[in-house]
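Asker: I'd like to ask you about the structure that follows.
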Amino acid sequence: MGKTVYLGPVLTLLLLLVLIYAIISVGIPQLIINSIIGIVILLLANLAPQLNIKLNLWNILIVALGGILGAILVIVLHLGGVEI
C-alpha cells in the first residue's frame with residue numbers, strides 16, 4: 001500500500017511562507033489587490049464547464065494567500081487531476 005499525500009496543507013504552508021516574505025518586502029495594500037484579483041480569476045475560471053473546481057477551504061486559502069499565482073496553481077493542479 002502506498003502513502004497518501006495531502007497537498008493542501010503542504011501548499012498552504014508554502015504559501016504562508018511566501019505571504020510572510022511578501023508582507024515584509026511588498027506591503028499589505030498590494031497583497032490585498034493581488035488576492036482579490038486571484039479570487040476573481042478563480043471564480044471566472046470556474047465558469048468554464050471543463051474546469052468545475054470545487055471551492056473549498058484549501059482552494060480559497062491558496063488563492064487568497066497566493067493571489068494570481070495561487071489561482072494559476074489551483075487551476076493547473078485541477079487540470080492535472082490533483083484535487084485539493
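Asker: May I ask you to verify whether residue 35 is farther than 16 Å from residue 82 by Cβ, among the hydroxyl-bearing types (Ser, Thr, Tyr) and out of contact with any helix residue (DSSP H, G or I) (no Cβ under 6 Å at 6 or more places or on another chain)?
Answerer: Considered against the rule, which asks whether it is farther than 16 Å from residue 82 by Cβ, among the hydroxyl-bearing types (Ser, Thr, Tyr) and out of contact with any helix residue (DSSP H, G or I) (no Cβ under 6 Å at 6 or more places or on another chain), residue 35 comes out as no.
Asker: Would you check if residue 17 is assigned to a loop (DSSP other than H, G, I, E, B), over 13 Å from the mean Cα position of the chain (by Cα) and modelled with pLDDT of 85 or more?
Answerer: It is false that residue 17 is assigned to a loop (DSSP other than H, G, I, E, B), over 13 Å from the mean Cα position of the chain (by Cα) and modelled with pLDDT of 85 or more.
Asker: Looking only at segment 15-60, how many residues end up being more than 14 Å from residue 72 (Cβ to Cβ) and surrounded by 16 or more Cβ atoms within 10 Å (Cβ to Cβ)?
Answerer: Residues flagged as more than 14 Å from residue 72 (Cβ to Cβ) and surrounded by 16 or more Cβ atoms within 10 Å (Cβ to Cβ) within segment 15-60 amount to 4.
Asker: Okay, moving on. Out of segment 63-84, which residues are surrounded by fewer than 20 Cβ atoms within 10 Å (Cβ to Cβ) and at pLDDT below 85?
Answerer: 82, 83 - these are the residues of segment 63-84 that are surrounded by fewer than 20 Cβ atoms within 10 Å (Cβ to Cβ) and at pLDDT below 85.
Asker: Out of curiosity, is residue 60 in a helix (DSSP H, G or I) and closer than 20 Å to residue 21 by Cβ?
Answerer: No; evaluated as a whole, the condition is false for this residue.
Asker: Write out, first by first residue and then by second, each pair whose Cβ atoms fall under 7 Å of each other, whose residues are 6+ apart or on separate chains, and whose first residue, in segment 1-16, is of a type in the set (A, V, I, L, M, F, W, C) while the second is modelled with pLDDT of 80 or more and in a loop (DSSP other than H, G, I, E, B).
Answerer: Listed pairs, sorted by first residue: 7/82.
Asker: Just to be sure before I move on: is residue 55 of a type in the set (A, V, I, L, M), under 11 Å from the mean Cα position of the chain (by Cα) and not in a helix (DSSP H, G or I) in the structure I sent?
Answerer: Here the answer is yes, as residue 55 does meet what is asked.
The values are calculated or read from the model by the stated rules, or taken from the named source; none is laboratory data. Remember, predicted model here, so these are calculated numbers, not experimental data. Neighbour counts are summed over all protein chains in view; Cβ atoms, including those assigned to glycine, are modelled from backbone coordinates with ideal geometry.
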